[in-house]
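A short reminder: the numbers here are calculations on the coordinates, not readings from a lab. Keep in mind that what you see is a predicted model, and the values were worked out from it rather than measured. In this analysis, Cβ positions are derived from the backbone assuming ideal geometry, glycine residues included, and neighbour counts consider all displayed protein chains.
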Amino acid sequence: MTPIIQTIEAVDRPPSSPGGAKTIARFTVQLGDVRLYNLLLREFPDGTRRTISPNVGGQHCASFKPAVAEKITAAATLALLGGQLADNHSRRSA
């Protein structure tokens, strides 16, 4: 399953703790027939990036297997750097 970034917005939110990750973008991704909103792209001091799901009631509302998380993070990073968004992809009608 290829993640398709629907929207992405750069943000500049400092780390919540010294040496922690800073939020660099908020985005929406489509995974097959499922669309997830308000995911966060975070960057750690060593340059690695990670996708974080939003909190609902103080807990993350979704989690991903590592291989899926890596694909989502790579797609969001590409979109943030000016890569393709969903409007540039051909979409199948339902």
Next item on the list: Please turn the phi angles of region 43-52 into ³J(HN,Hα) values with the Karplus equation 6.51 cos²θ - 1.76 cosθ + 1.60 (θ = phi - 60°), one per residue in order, whole Hz, x for glycine and proline.
Entry: 10, 8, x, 7, x, 6, 10, 8, 8, 10
Checklist line | Unit charges on C-beta of K, R, D, E only; dipole of the chain, Debye | finding: 160
Note to self: If I take all pairs of Cα atoms in the chain, what percentage of them are more than 19 Å from each other?
What the structure shows: 39
Notebook entry, point to check: So how much slack lies between His60 and Ser16, counting 0.36 nm per residue of separation and subtracting their Cα-Cα distance, in nm?
Noted result: 14.2 nm
Next item on the list: Return a whole-number percent for the relative contact order of the chain, with Cα pairs under 8 Å and 6 or more residues apart as the contact set.
Entry: 27
Check: Top mean-square fluctuation among Ala76, Ala21, Ala62, Gaussian network model of the chain, C-alpha springs under 10 Å?
Finding: Ala62
Next item on the list: Under 16 Å from a label point 7 Å along Cα→Cβ of Glu9: give me every residue in region 47-79 with its amide N that close.
Entry: 54-55
Note to self: Using a 10 Å cut-off around each Cβ, can you sort Val68, Val29, Val34 from fewest to most neighbouring Cβ atoms?
What the structure shows: Val34, Val68, Val29
Item checked: the chain: most fluctuating residue of Leu31, Leu39, Leu80 per GNM, C-alpha cutoff 10 Å -> Leu31
